[in-house]
Amino acid sequence: MRQINDAHVAVPGLAVVEVAAADDETAFAVQELLAARCAIAPADRTTREPGEPGVRLRFFLDLHQDADT
């Protein structure tokens with residue numbers, strides 16, 4: 001998974017997306033829907049916060065690229 005850090009956030013045209021979902025399958029389905037519209041950095045794992053329900057998936061959209069690239 002590509003690391004998302006402050007350098008990525010500071011670059012114009014990049015948007016950090018954090019998905020909160022009930023389970024891994026739902027989080028990756030949302031990522032897949034966004035991938036069909038925008039170029040994205042791949043994310044291959046979700047994280048779980050202790051004591052919190054569900055999972056989180058974090059990746060970024062590159063708004064400068066076409067969806068097909």
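The values are calculated or read from the model by the stated rules, or taken from the named source; none is laboratory data. Everything numeric here is computed off the predicted structure, so don't read it as measured data. A quick note on method: Cβ atoms are made from the backbone with ideal geometry, for glycine too, and the neighbour counts reach across all protein chains shown. Remember, those area values only see protein heavy atoms, side chains included, never the ligands or the DNA or RNA. Shrake-Rupley method; radii C 1.70, N 1.55, O 1.52, S 1.80 Å.
Of all residues in the range 36-51 being in contact (Cβ under 8 Å) with a residue 12 or more places away in the chain and outside any loop (DSSP other than H, G, I, E, B), which is surrounded by the most Cβ atoms within 10 Å (Cβ to Cβ)? Steps first, please.
At the first step, the residues of the range 36-51 found to be in contact (Cβ under 8 Å) with a residue 12 or more places away in the chain are 36-46.
With the extra rule that they be outside any loop (DSSP other than H, G, I, E, B), the set shrinks to 36-37, 39-40.
Details: A36: 9, R37: 9, A39: 16, I40: 20.
That would be I40.
Scanning the range 13-35 for residues that are assigned to a loop (DSSP other than H, G, I, E, B) and either surrounded by 15 or more Cβ atoms within 10 Å (Cβ to Cβ) or not small (G, A, S) (or both) returns a single hit, D23. Among the residues of the range 36-65, those that are under 9 Å from the mean Cα position of the chain (by Cα), within 14 Å of L14 (Cα to Cα) and of a type outside the set (V, I, T) comprise A41, P42, R58, F59, F60, L61.
For A10, state whether it is open to solvent by 70 Å² or more (accessible area, probe 1.4 Å), at negative phi and at pLDDT below 90.
Numbers: open to solvent by 70 Å² or more (accessible area, probe 1.4 Å): yes; at negative phi: yes; at pLDDT below 90: yes.
Considered against the rule, which asks whether it is open to solvent by 70 Å² or more (accessible area, probe 1.4 Å), at negative phi and at pLDDT below 90, A10 comes out as yes.
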